[in-house]
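*Asks:* Before anything else, here's the structure in question.
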Amino acid sequence: MNIWLNFLIDSMAFGATFIYGSTGEILTEKAGHLNLGIPGIMCMGGAGGCLVLNAIGRSSLPPFLIVILGILGSLALAMLCGMIYSFLTVTLRANQNVTGLALTTFGVGLMKVIMSKLDATVYLVGPKQMYRWPFANRQDSLQAMGILFFAAVIIAVLAGWILFRTKTGLHLRAVGENPATADAVGINVTKYKYAATCIGSGIAGLGGFYYIIDYMASQEAYLSLEAFGWLSIALVIFALWRPPLTIIGSVVFGFLFSVSSFITNVPWINVTMAMKPILKMLPYVVTILVLIVSSIRNKRENQPPASLGLSYFREER
Amino acid sequence: MASVKRHAEAREPLMHLSKRASISPVRSWIIRICAVLLGFLLCGLIAFLLIEKLQQNPGRIGDFYYAFIKGAFGTSRKFWKFLRSTAVLLCIALALTPAFRMRFWNTGGEGQTLVGVLGAIAVDFYLGGKIPEGLLLVLMLLAALCCGAVWGVIPALFKAKWNTNETLFTLMMNYVATYLVAYFLVVWVPSGSSSLSKLQHGKLPTLGNDYLLIILIVLALTIGLHIYLNYTKHGYEISVVGESIRTAQYVGIKVGKVVIRTMILSGMLCGLAGYLIAAGMDQTITTESAGGQGFTAIMVSWLGKFNPLAMILTSALIQVLNQGAAQISQDFDVSGAMPSVIVGIILFFIIGSEFFINYQIHFRGHSAKAGKGALK
């Protein structure tokens, strides 16, 4: 296959990790909660799925059941983290930045403890092929495009449709923009915040699971997962809080991030070792530029939700 | 406090909340200590799930808790290490505090500290051995302060001019800093291993032992910052901007100027922490030189209610947990990631306990009783 096409497909497959992470974060942020726990949640999602696969990876269950149980395990642990976060920030009205950072500390640590106890020959070797259906037997980069990749695209489009085309989405955005007003028209603010955070966390957790089991499919994958959680938060800004745009953004990010290792394969581009870190810096620099430009243009639909990061207490004025 | 539920006779909810007007310090500390104890209890339970040696021999649970004391206070070397790591963490937390007090969420402590280390090490790398040691140390300090200040002021400029979201901006700057360090490591160590061996020059003088000087510097900084924030005009302006930007504008405070000035200070102090790491401890640099402390410092500062003196306690608590958990991973042969799990759990409980200090729960039918919610 053409080298550039191969690279594009690899960027897309890599990008699916970010699609999950940032779609989950967008849902949470649209409810007014800046969840810096996303890296921890993604890690826990990965750990949850692998934990289940570690138990059933060699069993004689039909493949589709193994795939589904793995996904459920991933969702369960990630949503549990989402519950911790929303209990602390919604019900107990704790500071969101601090809670998120504590959750990341906790999640990344616990994931490392759990993963160091699991056996990669059980949770990875067999199930990997099942998750990579239908391209499992291809030799090119298309092999990393399994069901979880397509699920990522579908979830992002669906999330965009719900947010901007349905009444539920309208209510959710109202909660994120001005919870007091939403409360006044009878929207159950607490319910929306909980639901958005937990569902968002579940989606983000799948990203971690996808990265470990499908895209990287290696025993050491979990060690590098945290960095991509932070990159997912960056992608939210890049995508201007619109889930479908994360699909395009994720390809750009995937491209920028892996271009440094890919570019050495291109004969007519001469790149020194020192250029690699600079190229890896690009996703973050581009994100900063997007953040600056969107704040200068100051168009209302491209801004963060107005009450992002603030707790809501009904009796406060 | 009088309950505010007179009007809701028809369908009274099971409970409702109100903000406390005030709470006695004793009661608030009882709530906090209860929270930490509950956290430790949960840590014990989680340990049973994760640590095989504990499952085989449940009697060792005493050892598990004793490790927290042993880890930080077991030997005099451990104790000094504990004091020094507390000091460095405290230094970064102090640096972030002025920004937090004006509600500028500087999540970039990690990056600002890292470029501080980078500045100091760069001077050391190029000038070490060529100029007198004393001059070298001064130049390293200046470089670290400048680098930190630059890294801090960039987001502040955009915040002041266009109200760019500072939380996300400073967060991204952390990673730019990480890869900047990676770049210099490739340039400085052409062999490709990218690990810079310990430099021979540019080491802070020792005061009795390797640890004391750093501790004294940070102690002086703590007192200095306490005075700056509470007893100077600058400190007052920071508080006013933090409380209400409109009030600040009304009384003629130039908000943009205060934001930029405070972030220069914040970045500079992070740079100082970087200098302490570079010249006082490591004399080399990796992309992990700040080691996540920039993020931990955010929690230290918040837990200490942005009060420099209280932050001594909170940073000490975090380091007791860190060193204790490291001791546990050694004694019980578990993954080195154990400290993060334990710190995370205890933090959840402390974060949650603030609610019971700030709010009061009124149950249906009962007269309001303060502190009741502490049993979570």
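No lab work stands behind these numbers, since they all come straight from the coordinates. As the structure is a computational prediction, the values presented were derived from the model and not from experiment. Quick reminder, even Gly has a Cβ in these numbers, built from the backbone with ideal geometry, and neighbours come from all protein chains shown.
*Asks:* In the protein assembly as shown, with Lys and Arg counted as +1 and Asp and Glu as -1 at Cβ, which of these residues, B:303, A:48, A:37, has the Cα nearest the positive end of the dipole, that is, farthest along it?
*Replies:* Checking the options against the dipole of the protein assembly as shown, the answer is B:303.
*Asks:* I would also like to ask the following. Picking from B:315, A:131, A:285, whose Cα lies most toward the positive end of the charge dipole for the protein assembly as shown (charges on Cβ: Lys, Arg +1; Asp, Glu -1)?
*Replies:* Towards the positive end, the residue furthest out is B:315.
*Asks:* Also, I was wondering about something else. How large is the helix-only mean residue ellipticity at 222 nm for chain B, computed as the sum of -39500 (n - 2.57) over DSSP H runs with n ≥ 4, divided by its residue count, in deg cm²/dmol to the nearest 500? Intermediate results must be reported in sequence, preceding the final value.
*Replies:* Numbers: 14 runs with 257 residues, N = 376.
Here the helix-only value at 222 nm equals -23000 deg cm²/dmol.
*Asks:* Another question about this same structure. Between residue A:313 and residue A:218, take the C-beta separation as r, use R0 = 51 Å, and let me know the FRET efficiency to the nearest 0.05.
*Replies:* Values: r = 46 Å, r/R0 = 0.91.
The formula returns an efficiency of 0.65 here.
*Asks:* Ok, one more. Let's see if you can work this out: charge +1 on each Lys and Arg Cβ, -1 on each Asp and Glu Cβ, no other charges. What is the dipole magnitude of chain B about its Cα centre, in debye to the nearest 20?
*Replies:* Values: 31 positive and 16 negative charges, 282 e Å.
That gives a dipole near 1360 debye.
*Asks:* Which Cα, out of B:286, B:226, B:46, lies furthest along the positive dipole direction of chain B (beta carbon charges, K/R +1, D/E -1)?
*Replies:* Final value for the positive-end residue is B:226.
*Asks:* With +1 assigned to the C-beta of every Lys and Arg and -1 to the C-beta of every Asp and Glu, and no other charges, what is the dipole magnitude of the protein assembly as shown about the Cα centre in debye, to the nearest 20? Numbers along the way, then the final one.
*Replies:* On the way: 52 positive and 29 negative charges, 367 e Å.
Its charge dipole is roughly 1760 debye.
*Asks:* Follow-up question, since we're still on this one. Classify region A:16-302 as rounded, prolate or oblate, taking a ≥ b ≥ c as the square roots of the eigenvalues of its Cα gyration tensor: rounded when a/c is under 1.5, otherwise prolate if a/b is larger than b/c and oblate if not. Intermediate results must be reported in sequence, preceding the final value.
*Replies:* Numbers: a/c = 1.77, a/b = 1.22, b/c = 1.45.
Oblate, because a/c is 1.5 or more while a/b does not exceed b/c.
*Asks:* Quick check on chain B: take the gyration tensor over C-alpha atoms, sort the square-rooted eigenvalues as a ≥ b ≥ c, and tell me if it's rounded (a/c under 1.5), prolate or oblate. Don't jump to the answer; show the numbers that get you there.
*Replies:* Working: a/c = 2.21, a/b = 1.27, b/c = 1.73.
Note, shape of chain B comes out oblate.
*Asks:* Shifting gears a bit: Distance between the C-alpha centers of region A:96-124 and region B:214-261? Whole Å please.
*Replies:* Each part reduced to its Cα centre gives a spacing of 38 Å.
*Asks:* Under a 5 Å amide H to amide H cut-off, with H placed in plane at 1.01 Å, what residues pair with residue B:207 once short-range neighbours are removed?
*Replies:* B:212, B:213
*Asks:* Hydropathy at least 0.5 by Kyte-Doolittle, axial extent at least 20 angstrom from the Cα trace: which helices of chain B, defined as entire DSSP H runs, fit? It would help to have the intermediate numbers written out before the result.
*Replies:* Details: long enough: B:25-50 (37 Å, 2.08); B:76-101 (36 Å, 0.73); B:109-127 (27 Å, 1.09); B:133-162 (44 Å, 1.68); B:166-188 (32 Å, 1.35); B:212-231 (28 Å, 2.24); B:255-275 (30 Å, 1.35); B:308-332 (36 Å, 0.78); B:338-358 (31 Å, 1.97).
Span-like helices, by this rule, are B:25-50, B:76-101, B:109-127, B:133-162, B:166-188, B:212-231, B:255-275, B:308-332, B:338-358.
*Asks:* Something else now. Give the average, rounded to an integer, of partner chain Cβ atoms located within 10 angstrom of each Cβ in A:108-120. Provide the component values of the computation, followed by the final result.
*Replies:* Numbers: counts 5, 12, 9, 3, 6, 12, 5, 2, 4, 4, 0, 0, 0.
Taking the mean over all residues of the peptide, I get 5.
*Asks:* I've got another one for you. Can you compute the FRET efficiency between residue B:193 and residue B:127 using 1/(1 + (r/R0)^6), with r the Cβ-Cβ distance and R0 = 35 Å? Round to the nearest 0.05. Write out the running numbers ahead of the final one.
*Replies:* Working: r = 24 Å, r/R0 = 0.67.
E(calc), rounded to 0.05, equals 0.90.
*Asks:* From the Cα gyration tensor of the protein assembly as shown, with a ≥ b ≥ c the square roots of its eigenvalues, which class applies: rounded if a/c is under 1.5, or else prolate if a/b is larger than b/c, or else oblate? Could you put the intermediate results ahead of the total?
*Replies:* On the way: a/c = 1.26, a/b = 1.03, b/c = 1.23.
In terms of gyration-tensor shape, rounded.
*Asks:* Going by how many other beta carbons lie within 10 Å of each one, how would you line up A:214, A:10, B:210, fewest first? Mind dumping the intermediate values first?
*Replies:* On the way: A:214 24, A:10 20, B:210 15.
Lowest count first: B:210, A:10, A:214.
*Asks:* Given 0.36 nm per residue, what is the gain on full extension from residue A:272 to residue A:68 after removing their alpha carbon distance, in nm? Before the final figure, lay out the partial values.
*Replies:* Working: separation 204, 0.36 × 204 = 73.44 nm, distance 4.45 nm.
69.0 nm is the gain from fully extending residue A:272 to residue A:68.
*Asks:* Roughly speaking, what is the stretch gain from residue A:140 to residue A:6, that is 0.36 nm per residue apart minus the C-alpha to C-alpha distance, in nm to one decimal?
*Replies:* 47.5 nm
*Asks:* Let me ask another. Pick from B:214, B:245, B:328: which is most flexible by mean-square fluctuation in a GNM of chain B where alpha carbon atoms under 10 Å apart are linked?
*Replies:* Result for chain B, Cα springs under 10 Å: B:245 fluctuates most.
*Asks:* Let me ask another. Ranked by Cβ crowding within 10 angstrom, fewest neighbours first, how are A:85, A:284 ordered? Present the calculation step by step, with values, prior to reporting the outcome.
*Replies:* Working: A:85 31, A:284 23.
Ascending number of Cβ neighbours within 10 Å: A:284, A:85.
*Asks:* By how many degrees, 0 to 90 and rounded to 10, does the Cα axis of helix A:63-86 deviate from the longest principal axis of chain A?
*Replies:* 40
*Asks:* Compute the separation of the alpha-carbon centres of region A:201-258 and region B:284-337 and state it in Å as a whole number.
*Replies:* Result: 28 Å between the Cα centres.
*Asks:* Hey, another quick one. Which whole-number percent gives the relative contact order of region B:80-319, counting Cα pairs below 8 Å spaced six or more residues apart? Spell out each step's value before the answer.
*Replies:* On the way: 416 pairs, mean separation 103.3, N = 240.
Reported relative contact order: 43 percent.
*Asks:* Longer than 19 Å from Cα to Cα, which of A:112/B:78; A:30/B:161; A:117/B:81; A:30/A:299; B:78/B:203 are they? Say none if no pair is. Don't skip to the end; give the middle numbers.
*Replies:* On the way: A:112/B:78 26 Å; A:30/B:161 25 Å; A:117/B:81 30 Å; A:30/A:299 17 Å; B:78/B:203 21 Å.
Going by Cα-Cα distance, A:112/B:78; A:30/B:161; A:117/B:81; B:78/B:203 fall outside the 19 Å limit.
*Asks:* About its Cα centre, how strong a charge dipole does region A:159-232 have in debye, to the nearest 20, once Lys and Arg get +1 and Asp and Glu get -1 at the Cβ? Please list the in-between numbers first.
*Replies:* Working: 5 positive and 5 negative charges, 93 e Å.
That gives region A:159-232 a dipole magnitude of about 440 debye.
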